[in-house]
Amino acid sequence: MRGNNVMGIIFSNLHENLISQLTELRTMGAVPFGGRYRLIDFPLSNMVNSGINKVGVITKTNYQSLTDHLGAGKAWDLSRQRNGLFILPPFMDPSDYANRVKTFNAIMPFLKNSSEEYVVISDCDVVCNIDFQQVFEKHLANNADITLVYKRDVLPPKLQEPTVLSFDAKGRVVDVLVDPAITGSCSYYMNIMLIKRELLMKLINQCISKNTMSFKRDIIQGEYKNLAVYGYEFKGFAPMITSMSDYFNANMSLKSKDVRDDLFNGSRPVYTKVRDDRPTKYGLGSKVSNSLIGNGCNIEGEVDNCVLFKGVHIGKGTKVSNCVIMQDTRVGNNCSLSYVVVDKDVVIRDDKTLAGQPSYPVYIGKLSVV
Amino acid sequence: MYPKQEVVAMLLAGGQGSCLGVLTQKLAKPAVPFGGKYRIIDFPLSNCVNSGIEAVGVLTQYQPLVLNEYIGSGQPWDLDSMNSGVRILSPYQQIKGTDWYKGTANAIYQNINYIDRYNPDYVVILSGDHIYKMDYSKMIAAHKENNADCTIAVIDVPLAEASRFGIMNTNPDGSIYEFEEKPKHPKSTNASMGIYVFSWDKLRKYLIEDETTEGSEHDFRKDVLPKMLEDGCRMFAYEFQGYWKDVGTIDSLWEANMDLLDPNVPLDLSDESWKIYSRNPVVPPQYIQEGAQVQNSMIADGCDIGGSVDFSVLFSNVVVKPGAVVQDSIIMPGSVIEEGAVVQYAIVSENTVIGKNAHVGARPEDIVDKDHWGIAVIGDNLKIGAGAKIAPKEMIAKDVEGVE
């Protein structure tokens with residue numbers, strides 16, 4: 001079944017400053033993840049798997065790698081006659097997208113011209129496999145105006161403007177704190193919400209007319225008393241990517257079978273752009289343990305506790321452990337790497353040693369030669 | 001009105017491939033999985049695209065479902081253009097009667113309309129059971145240069161094997177003066193690869209003529225080519241240099257897969273300039289567990305490996321549990337090798353489970369009776385029970401009960 005009266009909007013650009021090294025040459029949604037994916041694959045696949053077939057992707061700057069990745073949306077089944085994928089860069093000036101409120105205002109024509117009654121809004125700073133159909137059903141059952149997806153956990157320390165929610169017995173939001181000083185577990189908003197399209201447009205118009213520009217403070221916090229705002233607790237694997245070490249740890253957690261089963265749920269697969277790589281080749285004397293490996297790699301050395309993306313080469317006599325190595329990077333012979341995040345298309349020449357720390361992985365930028 | 005295509009390729013994909021036994025029970029030979037993620041037909045299709053051929057007709061007849069679904073719109077090979085691309089051509093009812101494709105030449109004859117609408121100068125005839133990378137445009141260039149009516153690709157084979165092939169005996173200028181089908185005493189080692197370039201006007205005439213020829217089997221090798229030679233058409237051999245393998249038998253299919261693991265074999269699948277395209281499953285990357293041993297192997301996305309894998313080719317979503325051993329084998333998509341199972345010199349088809357401590361196949365050095373050694377083959381969607389033993393060279397088409 002296709003088409004369920006819900007459309008999606010993905011902010012591919014927010015939170016970039018938190019992992020500035022990885023986003024220097026790309027937007028947040030285009031950050032590579034998990035051996036073959038980009039962060040945007042997760043919200044996009046979630047939407048498609050939930051029956052949404054109209055998705056607008058907000059993107060502000062540095063979006064060449066994102067548009068290259070998305071293409072016409074074919075890999076997500078979003079290259080369609082009716083609806084499909086809409087890439088929404090600023091019309092004239094990136095300042096049109098200065099904040100979330102202004103951005104919604106700038107895409108008002110897109111919202112107006114849509115016929116779906118509801119909108120799911122998601123950012124690209126969380127990696128999860130969520131069924132929006134369930135969120136939608138709960139939203140209808142609660143007769144809610146807004147449903148906020150949240151997680152119960154300790155606040156990620158670097159999360160921007162963390163929004164902590166309190167609920168009554170029925171799950172209705174009764175308090176909203178933005179950026180509170182809280183230690184211990186709390187219910188924090190995952191930057192994923194479901195809202196009626198017309199209500200969203202009305203709230204944005206209201207903000208613009210009053211020149212109040214904070215989506216979290218002026219809409220969620222400002223309006224929760226006037227509207228029926230409910231929460232939806234997501235209990236699955238859902239790391240927020242708010243720092244390089246979050247990014248590193250989220251990649252590393254894919255070594256757990258439970259996490260893989262949850263995130264790559266067979267009935268709700270994660271789609272991504274395909275590249276016709278051959279299968280990975282393991283050479284004579286290769287030794288691989290506890291690692292996630294993409295297609296097209298050539299492994300002749302030792303790989304331990306790593307995430308290798310497609311097309312990575314590991315030379316003879318080389319040992320890599322606890323590393324995240326992105327697409328098409330070539331590590332020469334007799335190297336030693338541990339706790340390193342290596343970006344795309346890097347060349348590490350023979351006999352090099354690079355080491356970071358578990359709490360502070362070293363980062364090697366895209367196209368570097370070491 | 002279709003825009004003219006200088007070249008149209010016709011891919012013969014209707015054969016049963018009976019030598020592959022259980023592997024082609026439910027699908028046509030060109031759809032047989034190969035090399036960890038491909039199907040055999042990916043090679044000729046990718047060669048077409050990489051050679052600049054935009055119109056490809058795929059002639060299907062035997063068990064076409066899997067093949068039709070796999071080719072789909074042709075999008076993975078960029079063969080989904082507006083006016084050209086890949087077309088599945090199956091036998092059809094006509095006013096004057098209904099016929100299956102009676103032979104390779106008759107299959108093309110029945111699709112003259114398809115070829116005519118592109119008004120091509122040349123037609124390339126390909127078959128769907130070879131693994132190779134070849135630039136057909138070079139062969140077409142040679143065809144033009146020789147002002148030929150027909151050009152046949154040949155490959156130099158060892159003299160000892162020449163009697164297994166169709167041999168083309170040529171003059172010094174490359175023109176063919178004689179065909180010998182599987183000769184006992186071959187005069188040369190130029191084996192036909194089953195790849196032909198024809199000037200379309202000539203071929204068209206001969207196909208129509210052949211159709212009404214009494215006693216003809218409507219086959220290129222047996223009827224059309226000999227007739228053309230007899231009539232003095234300009235027929236040339238085009239020597240191909242590179243890797244080429246007919247994968248029509250279990251042994252050659254196994255060998256061709258193993259060739260991918262040999263760095264000295266000139267079949268590079270990671271060559272960016274001549275990619276082999278395929279339909280890709282939506283699966284996560286492969287995971288190699290702690291304690292697994294993986295060497296000299298090719299492994300595809302979605303696999304989960306806990307045991308030992310050596311000299312093997314594993315397709316997507318294969319699971320090798322801890323303590324299992326896979327050696328010198330090919331495991332097709334979705335199959336599971338349970339704890340303690342040993343798979344040696346075997347081909348395991350799709351979605352089959354090899355039970356705990358079962359033993360499939362054997363290494364030639366481990367058995368006494370060498371004459372009965374061979375590759376063991378297990379069909380698709382089967383269960384081999386715990387502790388069961390499958391001897392080398394056996395071909396299994398039904399579930400096998402466990403013995404534990």
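Could you tell me the center-to-center distance, by alpha carbons, between segment B:14-93 and segment A:249-302 in angstrom?
29
Which of the trypsin sites (Lys or Arg not before Pro) found in segment A:325-370 are loop residues per DSSP with 13 or fewer other Cβ atoms within 10 Å of their Cβ?
Sparse-neighbourhood loop trypsin sites (Lys or Arg not before Pro): A:Arg349.
Cut-off is 10 Å between beta-carbons; in what order do A:Val31, A:Val101 appear when sorted fewest neighbours first?
With the sparsest Cβ surroundings first, the list reads A:Val101, A:Val31.
Once the dipole of the protein assembly as shown is set up with Lys and Arg at +1 and Asp and Glu at -1 on Cβ about the Cα centre, which of A:Ser368, A:Thr27, A:Val6 lies farthest towards its positive end?
A:Val6
Using modelled amide H (1.01 Å from N, peptide plane; none on Pro or chain starts), what sits under 5 Å from the amide H of A:Gly285, excluding residues fewer than 5 places away?
B:Asn296
Would you look at the GNM of chain A, springs on alpha carbons closer than 10 Å, and say which of A:Gln160, A:Gln327, A:Gln357 moves the most?
A:Gln357
Could you work out the relative contact order of chain B, using alpha carbon pairs under 8 angstrom and six or more residues apart, expressed as a whole percent?
13
Take the Cα gyration tensor of segment B:286-356, multiply each eigenvalue by 5, square-root it, and list the three semi-axes largest first, rounded to whole angstrom.
Here the semi-axes work out to 14, 13, 12 Å.
Could you calculate the FRET efficiency of A:Asp261 with B:Arg117 from 1/(1 + (r/R0)^6), where r is the beta carbon distance between them and R0 is 45 Å, rounded to 0.05?
0.30
Compute the whole-percent fraction of alpha carbon pairs in the protein assembly as shown spaced more than 37 Å apart.
Percentage above 37 Å: 51.
Test of understanding: in a Gaussian network model of chain A with alpha carbons linked when under 10 Å, which of A:Val307, A:Val178, A:Val342 would top the mean-square fluctuation ranking?
In this elastic network of chain A, the residue with the biggest mean-square fluctuation among A:Val307, A:Val178, A:Val342 is A:Val178.
What percent does the relative contact order of segment B:258-404 come to when contacts are Cα pairs within less than 8 Å and at least six residues apart?
14
When the Debye formula is applied to the Cα atoms of segment B:1-64, each taken as the same point scatterer, what base-10 log of I(q)/I(0) results at q = 0.11, 0.27 Å⁻¹?
Treating every Cα as an identical point scatterer, log10 I(q)/I(0) equals -0.31, -1.14.
With each pseudo-label sitting 7 Å past Cα toward Cβ, what's the B:Asn68-B:Asp399 distance in nm, one decimal?
3.0
Rounded to the nearest 0.05, what FRET efficiency do B:Gln241 and B:Glu339 give with R0 = 35 Å and r taken as the Cβ-Cβ distance? Could you check?
Using R0 = 35 Å, I get an efficiency of 0.15.
Would you mind checking the pairs A:Lys54/A:Lys112; A:Lys281/B:Lys389; A:Lys316/B:Lys321 and listing those with alpha carbons more than 21 angstrom apart?
In this structure, A:Lys281/B:Lys389; A:Lys316/B:Lys321 lie more than 21 Å apart at Cα.
If you take the square roots of the eigenvalues of the alpha-carbon gyration tensor of segment A:85-175 and sort them as a ≥ b ≥ c, do you get rounded (a/c under 1.5), prolate (a/b over b/c) or oblate?
oblate
Could you work out how far apart the two model spin labels at B:Lys96 and A:Lys235 are, taking each label as a point 7 Å from the Cα in the direction of the beta carbon, and quote it in nm?
Here the modelled spin labels are 7.2 nm apart.
Find how much the distance from B:Asp262 to B:Ile208 grows on full extension, using 0.36 nm per residue of separation minus their present alpha carbon separation; answer in nm with one decimal.
The B:Asp262-B:Ile208 span can extend by a further 14.8 nm.
Using Cα centres only, tell me the gap between segment A:45-79 and segment A:312-335 in whole Å.
That distance is 31 Å.
Can you give me the distance in nm between label points at A:Glu24 and A:Arg80, each placed 7 Å from the Cα along the Cα-to-Cβ direction?
Each label point is offset 7 Å from its Cα along the Cβ direction, giving 4.0 nm.
What is chain A's relative contact order, in percent, from Cα pairs under 8 angstrom and six or more apart in sequence?
So the answer I get is 15 percent.
Please provide three numbers in whole Å: the alpha-carbon extents of segment B:38-96 along the principal axes, with the largest listed first.
39, 25, 16
If amide hydrogens are placed 1.01 Å from N in the peptide plane, which non-local residues have theirs closer than 5 Å to the one on B:Lys102?
B:Ala107
Can you give me the angle between helix B:250-259 and the longest principal axis of chain B, using Cα atoms only, in degrees from 0 to 90, rounded to the nearest 10?
80
If the chain between A:Ser185 and A:Val362 were fully stretched, how many nm would it gain, using 0.36 nm times the residue separation less the Cα-Cα distance?
Between A:Ser185 and A:Val362, full extension yields 60.7 nm more.
Between A:Met213 and A:Lys112, how high is the FRET efficiency from 1/(1 + (r/R0)^6) when r is the Cβ-Cβ distance and R₀ = 25 Å? Nearest 0.05.
0.75
What angle, in degrees between 0 and 90 and rounded to the nearest 10, separates the Cα long axis of helix A:197-210 from the longest principal axis of the Cα atoms of chain A?
80
Quick one: grab the alpha carbon gyration tensor of chain A, order the square roots of its eigenvalues as a ≥ b ≥ c, and give me rounded if a/c is under 1.5, else prolate or oblate depending on whether a/b is larger than b/c.
In terms of gyration-tensor shape, prolate.
We did not get these values from a lab; they are worked out from the coordinates using the rules stated. Since the structure is predicted, the reported quantities are computational estimates derived from the model, not experimental observations. In this analysis, Cβ positions are derived from the backbone assuming ideal geometry, glycine residues included, and neighbour counts consider all displayed protein chains.
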